[in-house]
Every structure is written in structure tokens, then in C-alpha cells.
1. Could you look through the range 397-410, keep only residues that are hydrophobic (A, V, I, L, M, F, W, C) and surrounded by 14 or more Cβ atoms within 10 Å (Cβ to Cβ), and pick out the one that is nearest to Ile378 (Cα to Cα)?
2. Name every residue in the range 41-74 that is of a type in the set (Phe, Trp, Tyr) and farther than 23 Å from Ser226 by Cβ, in order of residue number.
3. Examine the range 77-87 for a residue that is touching a Phe, Trp or Tyr at 6+ places or on another chain (Cβ under 6 Å), of a type in the set (Phe, Trp, Tyr) and without any contact (Cβ under 8 Å) to a residue 60 or more places away in the chain, and state whether such a residue exists.
4. State whether one or more residues within the range 175-197 are part of a loop (DSSP other than H, G, I, E, B), at pLDDT 90 or above and under 18 Å from the mean Cα position of the chain (by Cα).
5. Do we find that Glu147 is in contact with a strand residue (DSSP E or B) (Cβ under 8 Å, 6 or more places away or on another chain), loosely packed, with under 13 Cβ neighbours inside 10 Å, of a type outside the set (Val, Ile, Thr) and modelled with pLDDT of 90 or more in this structure?
6. How many of the residues in the range 281-302 are buried (at least 19 other Cβ atoms within 10 Å of the Cβ) and farther than 12 Å from Ala324 by Cα?
7. Just for the range 350-374: of the residues that are part of a helix (DSSP H, G or I) and acidic (Asp, Glu), which one is modelled with the lowest pLDDT?
8. Kindly list, by first and then second residue, each pair from a residue in the range 105-116 that is assigned to a helix (DSSP H, G or I) to a residue that is surrounded by fewer than 17 Cβ atoms within 10 Å (Cβ to Cβ), limited to pairs with Cβ atoms under 8 Å and residues at least 6 apart or on different chains.
Amino acid sequence: MLLAALSSLFFAFPRPLEMPRAEAYYVYGDVPHLEDRYDELDLWTSHAVAGRWEDGDGRVFSLSRLDTAAPRFAGPTLTRAKYADGEVRLSVSDKDSGLRMEAAAMLSPVPLAEKPEPPRHEIRGMKSVLYLHGTNDTCLVCAFLPENSPLWYLATWELAPEDEMDVAVENFEAGVLAEWDELDLPSEKNIEEKYRRRERGKPRDGGRRKDAALARERELFAADLSASVTNYAGWHFTPAGGFAIVDDLPRGGDFVRTLTNELGNAYARYAATVPSPLSGSNTLSVARIYKNRDEYLAALEIDGTEGLEWSAAYWDKSRRELVAHLPQDGEKELLKTFRHEAFHQYLSYACSMMTAAPWINEGYAQYFEDASDGEWGIDVDIDAAAEMLPAVMAMDYGEFYAGTDADRRLKYRMAWSIAWFLENGADDVRFRPFAEVKRKYVETLLKTQDMQLATFEAFGSPDNFRLFTAEWKKYWKERNG
């Protein structure tokens, strides 16, 4: 195993590989759908890096493949399938050496030397070894071609301040190059057959039916997600239809199976409750779960996410991941958190990543999380709350989160109360004037990209919005006695 062979030399724990950041496009046509597109360099990098590990002293070891040419120019964003079909494969021959060095330069954390250096010793099992770090003494950089391999690799080892490069090179040659066949990297097993399968998976007819193309996007997303953890001992990839979970939770329990069932059932409830006009999607609902809070906080830092250190979970829209850690309260509390955060994930997809207003986004997230059977949980003056209701429904997120903790708790519970009323009281109003509010909200948001305009368009008229406020007030006064 890789960790067993190299942990004393390079690393103590795997460093999460970031998924590419996506841009959302609402595609019209026979099958209107959300289409995720990516920067070509971001996709290329995520495919090239096979693993990255870090020890407690700050050493970072990375292994990458030099099998495709790096993008030379920043172009328009593209889908995963478009990228996969346009990859420029590199052979192991000298004719591709220039493109291979360009790729190595893109992946190296330090500039490459103008002239590569050979290894210190002849290394059995290696057809070619080139050290590329030159006089730099902070990071070892080596390109190598194993015998009978269809591709070159690039290893980079960022050293600790007290490390000596000469010693690092000796350890690298003895612990990585000489032991390459024993490292047992899952991603590199049967690599030639994997390459043949990948080529067979490319479309040859120049086109596909739209629903098949969308399914292929999801398959490629799932494959990328699986590849991001396949070389990490302790990490697991669990596909479940339109969902996928990656985690490093201890095995032996049924929690992941419970969670996949919970998410499947939850998404069905979300779609039935807040429907979307999108009839197709190239997305995959992803959950990433860390076994403890320290790992979660480290991932936040690596991702550059600020202001969420207090959180237990969050929906990362750009990477399309619902990220969480297992809390001390255990799996029951985590399931509750997922019911809340997964609604944010669902609504983001339902609205083609356009941000919905807090009253519907936070309101329904609480509604699906909450098991209070219609209890506010805080003291509230319904008459005063009814006066605030139009303002709360018109708020953006800065306004919604502003104020004291008590102010925010009230606004959150008011958003929940709107969702609760729409689901449990609105249908009893004569002629059901609010029956289409949720559907119209999503449709209008997709057309206007304006969360506040969508709120008022959803009610159809100012008179209907005033009626909603009056009926909401009547409902809660009766329930609260």
C-alpha cells in the first residue's frame, strides 16, 4: 500500500484534491437544463494530479500524470464531455517531450531547470528519470517513465525547512522510484486497459441525444469524484444514482447507506414541494464528509472559504459539493444537518445556480430540517411579525443576516413560518390563491435572475401579496392561540 510504503518519508495524511470550479449556464431548448462548464486549465489539472499528501511538518508530496498536453491559451469554458473529447494525448516518445515539459512546468510549484539532471543511481524498473528542480533546494521535482508504462509521471516533494535536498533525493530514489511496482496505486493499476476503455468511451458519431449527453456529464463527474480519492487510504466513494458520497468515516456502520437513502428520499420531497421547470441536468448531487472537525476546518482553509469556521456543514456552489463533518453529537445530528443543507443544494440546481431569496431558501431548508410540528421555538408577537413580513420577503442576504443574534433568529423563524404556512395552511384559503407561488418563483428567477423581483411576480399582484400577509397572520394567530 502507498501509505505503508511512504508514510515515514513523505506524509501523514492525504490532502484533499479540489474538484474543478463550475460556472452555471441555463440552456434553453427541447430539454431546458443546467449545464456546468469549467475552465479548461482547471479540468486539466484535476485530471493530471493523481494524489497529494502532507505530513505534520509541512512536507507535501504530489504525484501527477504527464499524459495530456496542458492548455496553451485560456479559452471559453466548456463541459466535461467537451473537454474529454478534445484532450490531446501525449505519447512517451521524444516527439512529445516539449509538450510534456510544458505540462510539467504547469504542475510544478517551482520553476523548472533549463537542463534536466539524471538520477544519482541506475534504477531498475525505470526507463527514464529526469530531475527538473535545478538549484532549487525547497522542492524536489522529478519526471519519470516506468518500464512498460504508457505515460510519464511527475513527482513533486515540497520539503520542510530543515530538510537537505541530497538526502531527499536519496530517499526519493529508494522509496518511490525503486519501489514503484510495489506502491500499489489503485489509480495506476491496469493503466493501459483504462486508457483503452477511455478511448472506447468517446463518441465517434459527432453527436448524441441530449438526454444521453446529460447522462454522460454526470458519469464523467462521478468518475472525476471517484478519482479524487481513489489513492487515499481510508477514503471511500459511494455512488447512488443521482447522488455520490465521498468520506473518510470509519467503516463498519450503516451510516453512508442510511445517508444515501435519506438524500434520495429528501430530494424527491424537495422536487415535489418546490418544483423546477428544468427537465434535464448535467449535475450530480455530491456530499463530502470528513470524520472530524479538524479535517473540515483544514479543507475550508485549503479551499479559501472564510467566515464559515463556526459551521458544521455548508453548500459549496462553485465545486458542487455539500461539505460536512461528523459532529460529536453523532450521526443523528449529521442527518438533520444534511436535510437542511441538501435543500440549499437542490434549490441551487433547480434555479440553475441563480441565488434564490432567503425567505424560500432558508425557509424551506429549515422546514425540511425541522421536526417541531409547527412550533416557533421562540417568543414572537404575530402582529408585529406580520408588519415585518413584506420586508423580510424582500430581503437580500446582507439584510437577512444583519442585526443581533435575536434579530437573525426571528428572521430565520419567519422564513420557516412562510414555508410552513405554504405547505400546511395556504391550501385552506378560499380559491387557493397561493397554489402556484413556488413554481412561479423559480420560473421567474430563471428568467429575470432577480431574487426580489421573482418574489413579487410569484404572487401575481400586490393585492394577492397583501392577502398572503393577512392569511399568514390569521393562520399563526390561530395556531399560537
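1. Step by step, filter the range 397-410, then rank; the result is Leu410.
2. The one that is of a type in the set (Phe, Trp, Tyr) and farther than 23 Å from Ser226 by Cβ: Phe73.
3. Within the range 77-87 (the criterion being touching a Phe, Trp or Tyr at 6+ places or on another chain (Cβ under 6 Å), of a type in the set (Phe, Trp, Tyr) and without any contact (Cβ under 8 Å) to a residue 60 or more places away in the chain), the answer is no, since none of the residues qualifies.
4. Among the residues of the range 175-197, not one is part of a loop (DSSP other than H, G, I, E, B), at pLDDT 90 or above and under 18 Å from the mean Cα position of the chain (by Cα), which makes the answer no.
5. yes
6. Number satisfying all stated conditions: 5.
7. Glu369
8. Within 8 Å, the pairs are Ala105/Pro111; Met106/Leu41.
The values are calculated or read from the model by the stated rules, or taken from the named source; none is laboratory data. Remember, it's a predicted structure, so these values are computed and weren't measured experimentally. Don't worry about glycine lacking a Cβ; one is built from the backbone with ideal geometry, like all the others, and counts go over all protein chains shown.
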